[in-house]
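Everything below concerns the one structure shown next.
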Amino acid sequence: MAETFYTKEQLALREKYRALVKEHVMPRVKEIDEKDRIPKDLIEKLTKAPFFLPALSVPKKFGGHEIGKVDVCIIAEEIGYGCPALIPFLEIAQLYTYVIKLGGTDEQQKRFLGRIASGEVGCYALTDETPGSDPAGMKSTATKTDKGFLLNGRKRLISYADFSDIFALFANEDPASGGKGVSAFIVDKNTKGLTLDKHDLLFGLKGHRAYDLKLENLFVPIEDRIGQKGDGLKLALRVLSNTRISLSFGHIGLARAALEVAVKFAKERVIAGTPIYKHQGIAFPVAEIASEIDAARLMALRAAVLSERNVDHRKETSMAKILCGRVMLRAVEQANLILGGYGGDTEWPIERYLRDAFAWIAAQGTPEIHRVIVAREIFGK
Ligand SMILES: Cc1cc2nc3c(=O)[nH]c(=O)nc-3n(C[C@H](O)[C@H](O)[C@H](O)COP(=O)(O)OP(=O)(O)OC[C@H]3O[C@@H](n4cnc5c(N)ncnc54)[C@H](O)[C@@H]3O)c2cc1C
């Protein structure tokens, strides 16, 4: 359905990434899930040729590909379809990239984005030991020294911290002023005072590891703060508003994958001489989910187009995230029901889809937080 609104070039891009996912990702998915590890050679392919995922949003003048928002979303759907655990190569890379693109000076953009264009991985550490839904209340601090800052605190659920070469970190320079003191900093992985602590044992998205980070007198020079004192929270939210759209497309990719499995099973499974799809009890929910997938994709596409036009799209983005997340959960649940006893059988992908969907839903803001954002836009603050 969204096809109607994609250009010829975008349809070709979709075919290209669909084929890449089929060739390089699909054969590895079971191994990634079972070992909870992404093979090194696959990381190489995803970060460099032929996928170039982290570099897709980096401006051409810094060596990146600088493709449009809708293009990124089209690719995100294909990665979500193939293996959601791999989406941070696009998603988290974009979070990192946007911190610097939206908040950095020309000199900082040149220094930090060129590294991403060359295949390095960046991560985004906003969530603190305090509730992720309230980043203004974060406890991590940045204390001013002569030549920079000393960061102390603890970050949580930081995706791909183990692969990352560069970290975008948020900490509060003035805790007494709440969120108004939060600033953004860029830190190299080997900096003294930055330690990867335990990684969270997610039941889904296996291979995607999200770590706790310890910040202990972590020194950051003044020139590596992005923006001014207190710019961090606004920047973090602007960044998220951009990247939540492609994450929504990732959700749609997983919903599409679940629907395809359900359709295949319903055609092949014959009970008392009748393929089960001939029962309305099976066919109608499939028809509903298919309609909802198209509706959710169109809604996310609207947010992407508004974002490309630089129009305020916070409400539309959160609406899309709510709907795409819900459709993803509904699709995996319905596919599980249609597969009967095979739903829980590890020979079928549905049990993995269920785990992935439920482990994924809170990323970049829980559904409740997106409802808070939409309600605020409707009712005022
Ligand atoms: C797979 C995954 C990857 C992640 N990767 C990263 C990353 O790379 N970097 C990073 O910084 N963070 C990352 N996160 C963290 C994510 O942003 C947080 O999990 C999310 O913001 C929720 O925070 P929390 O888990 O602390 O839940 P809490 O904020 O403690 O929320 C608990 C519950 O309260 C509800 N709630 C909170 N406020 C309200 C309200 N006002 N009204 C109604 N209900 C409310 C929430 O919806 C939730 O149900 C990741 C999370 C996941 C799941």
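Only the coordinates and a few stated rules stand behind these numbers; no lab work does. Just so we're clear, the structure is a prediction, and the values are computed from it rather than from any experiment. Heads up, the Cβs are rebuilt from the backbone with ideal geometry, glycines too, and the neighbour counts pull from every protein chain shown.
At-a-glance table
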| quantity | calculated |
| --- | --- |
| Gyration tensor (alpha-carbon) shape descriptor, the stretch 2-117, a/c threshold 1.5 | oblate |
| Folded to 0 to 90 degrees: helix 8-20 orientation relative to the chain principal axis, Cα | 80 degrees |
| Contact order relative to length of the stretch 80-177, as percent, for alpha carbon pairs under 8 angstrom and 6 or more apart | 28 percent |
| Sorted by Cβ neighbour density within 10 Å, fewest at the top, the residues Phe89, Phe149 | Phe149, Phe89 |
| Protection proxy ranking, peptides 314-325, 23-34, 230-241, 248-259, average beta carbon neighbours within 10 Å, highest first | 248-259, 314-325, 230-241, 23-34 |
| Long pairs among Lys139/Lys321; Lys48/Lys155; Lys61/Lys206, criterion Cα-Cα beyond 31 Å | Lys61/Lys206 |
| Beta bridges by DSSP in the stretch 79-192, antiparallel share as percent, to the nearest 5 | 70 percent |
| Net +/- balance of residues flanking Glu288 in space, Cβ distance below 13 Å, scoring K and R +1, D and E -1 | -1 |
| The chain, relative contact order [Cα under 8 Å, separation at least 6], % | 16 percent |
| Cα centre as origin, Lys/Arg/Asp/Glu Cβ charges: the chain dipole, Debye | 420 debye |
| Simple spin-label estimate for Ala272 and Leu298 in nanometres, 7 Å along Cα-Cβ | 3.8 nm |
| Size of electric dipole in the stretch 122-230: Cβ of Lys, Arg +1 and of Asp, Glu -1, about Cα centre, debye, nearest 20 | 80 debye |
| Hits among aspartates and glutamates - C-alpha to C-alpha of Lys16 under 14 Å, sequence gap 8 or more where chains match | Asp71, Glu77, Glu78 |
| Label point distance in nm, Thr143-Ser291, each placed 7 Å from Cα along Cα→Cβ | 6.1 nm |
| Under 19 Å from the Arg326 label point (7 Å along Cα→beta-carbon), backbone N, the stretch 79-98 | none |
| Normalised contact order of the stretch 122-230, rounded percent, pairs of Cα under 8 Å and 6 or more residues apart | 31 percent |
| Difference of contour (0.36 nm per residue) and Cα-Cα distance, Asp345 to Lys16 | 115.3 nm |
| Share of alpha-carbon pairs per 10 Å distance bin for the chain, given as whole % | 5, 24, 33, 24, 10, 3, 1, 0, 0 |
| Cβ-defined net charge surrounding Ser133, 13 Å radius [Lys, Arg +1; Asp, Glu -1] | -1 |
